[in-house]
Amino acid sequence: MKRHADPAHHDGASPAITKTITDNAALCDVAARFQKAAFLAVDTEFMRERTYYPQLCLVQLSDGDEAVAIDPLAKDLDLAPLWELMRNPKIIKVFHAGQQDMEIFLHHMGQLPTPIYDTQLAAMVCGLGDQVGYDKLVKAMLGQDIDKTSRFTDWSKRPLSGRQITYALDDVIYLAQLYPQIKKRIADEGRTDWLDEEYAKSTDPATYVTNPEDAWRRLKLRNMRSPALLRLMHLAAWRETEAQQRDLPRNRVLRDETLIDLAGSNPQTTADFAGIRNFPGGKDGKLAAPVLKILHKVAALPDTALPVPLSHSQARKPPAAIMELLRVLLKHVSDEQNIAPRLLASADDLELLARDDNAPIRALSGWRREVFGATALQLKNGEIALAVKNGRIRLITDIEPAA
């Protein structure tokens with residue numbers, strides 16, 4: 001076993017034993033030890049610039065005493081013991097900003113790791129930042145600086161250097177130290193259950209899978225008439241399916257702006273593709289035929305299939321004064337409660353709340369309503385007011401009812 005190159009690097013704690021796992025015997029051995037762990041800090045290194053699905057290149061694990069880097073690209077390595085660890089309901093899997101890691105595990109093992117704990121979400125609950133980066137969290141809680149010189153490594157290339165392995169293992173070594181500290185901090189503040197709703201979304205497979213029929217929602221659109229929007233919906237679904245089946249990035253199939261251009265211009269013959277921006281191969285491109293087939297199919301649909309036209313100008317804008325008051329209140333409450341504002345309400349949530357007292361937003365249910373939502377409704381309806389005293393915002397509750 002190889003020890004970390006710089007034991008002092010880890011704040012005086014007992015240096016974690018580290019090694020790279022490249023054969024089945026070693027993986028089975030370490031997996032058997034980790035099956036007894038109360039938690040495992042988990043991180044992955046991957047590449048996805050040339051593929052639709054992330055290419056898993058390294059999996060790092062630590063139980064707080066031992067840290068290992070498992071090499072999925074090693075010849076004939078069977079990852080079944082790793083998947084068993086990820087499925088073990090008795091072991092908490094600790095991530096930081098683990099959405100892409102979860103997507104990888106879902107793709108490779110067919111299900112999500114469970115149960116999980118995400119230190120980025122936890123940091124938001126206890127006022128350590130809004131989507132705080134891992135290096136900043138480590139600095140804030142452990143007083144350590146993380147070496148990021150290997151951040152842009154091509155993790156698919158072999159062999160990996162000792163420095164690259166050390167960089168990769170640092171993430172789980174520090175994560176294993178962070179987890180008990182941040183968990184205790186949240187428990188001491190009585191906020192453990194605040195994370196439940198966030199984890200419910202994180203453990204839903206639908207969070208990580210794009211249904212082709214919903215692929216158009218990923219595009220940045222402002223205004224589009226119903227016929228063009230219908231064409232775009234079908235074209236985006238086709239591109240998503242192509243990208244998944246060919247394991248290519250969406251824009252390697254067709255770029256977003258090209259997809260939008262096709263939906264708007266609605267070419268009818270192969271010659272028309274000469275005028276479509278960035279269409280691969282122009283009128284002679286191999287994608288012209290399948291795209292025409294989709295457009296002709298959409299043209300044959302009945303008018304009842306037409307969606308509501310997309311127009312950002314249609315939405316009734318809430319009064320600017322109410323929006324400003326709600327923003328100030330959100331900042332005040334998040335500061336007072338020591339919680340990230342985004343966890344309470346997004347900008348879109350505030351707009352919906354400004355228009356509707358019964359808006360279907362998280363801020364009006366559960367603990368968020370108690371912390372922020374109920375007070376926001378009182379402010380909006382003139383039952384309380386905001387004032388400044390000694391340079392600080394304060395709430396005024398003794399408001400006389402309107403005559």
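Here is how the numbers come out for the structure above:
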quantity: Residue within segment 273-295 that is touching a His at 6+ places or on another chain (Cβ under 7 Å) and either surrounded by fewer than 18 Cβ atoms within 10 Å (Cβ to Cβ) or closer than 30 Å to L377 by Cβ (or both) present; calculated: yes
quantity: Exclusive hit being in the same structural domain as E240 (by TED's automatic domain parsing) and aliphatic (A, V, I, L, M), set I339, I294; calculated: I294
quantity: Among the residues listed as R255, R246, the single one being under 25 Å from the mean Cα position of the chain (by Cα) and surrounded by fewer than 15 Cβ atoms within 10 Å (Cβ to Cβ); calculated: R246
quantity: Residue check, L248 touching a residue at least 24 places away in the same chain (Cβ under 8 Å), in contact with a Phe, Trp or Tyr (Cβ under 7 Å, 6 or more places away or on another chain) and of a type in the set (A, V, I, L, M, F, W, C); calculated: yes
quantity: Leading residue by the ranking (modelled with the lowest pLDDT) among those in segment 182-227 that are in contact with a strand residue (DSSP E or B) (Cβ under 9 Å, 6 or more places away or on another chain) and either under 20 Å from I294 (Cα atoms) or not in a helix (DSSP H, G or I) (or both); calculated: R222
quantity: Strands (runs of 3 or more DSSP E) fully within segment 34-127 counting 1 or more residues that are within 17 Å of K183 (Cβ to Cβ); calculated: 39-47, 55-62, 92-95, 116-118
quantity: Residue under evaluation R327, criteria (1) at pLDDT 95 or above; (2) within 21 Å of E240 (Cβ to Cβ), criterion not met; calculated: (2)
quantity: Neighbours by Cβ (under 6 Å, 6+ apart or cross-chain): first from segment 146-174, assigned by TED's automatic domain parsing to the domain that holds Q55; second among the aromatic types (F, W, Y); calculated: S150/Y167
quantity: Qualifying residue in segment 374-387 (condition: among the small types (G, A, S) and within 35 Å of the chain's Cα centre (by Cα)); calculated: yes
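One line per residue, one yes/no per condition, for (1) closer than 16 Å to M323 by Cα; (2) in contact with a His (Cβ under 6 Å, 6 or more places away or on another chain); (3) not in a helix (DSSP H, G or I):
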position: D349; (1), (2), (3): yes, no, no
position: A363; (1), (2), (3): yes, no, no
position: R369; (1), (2), (3): no, no, no
position: Q378; (1), (2), (3): yes, no, no
position: G382; (1), (2), (3): yes, no, yes
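The values are calculated or read from the model by the stated rules, or taken from the named source; none is laboratory data. Note that the structure is predicted; figures quoted are calculated from it, not measured. Reconstructed Cβ throughout: ideal geometry from the backbone, glycine too, with neighbour counts over all protein chains shown.
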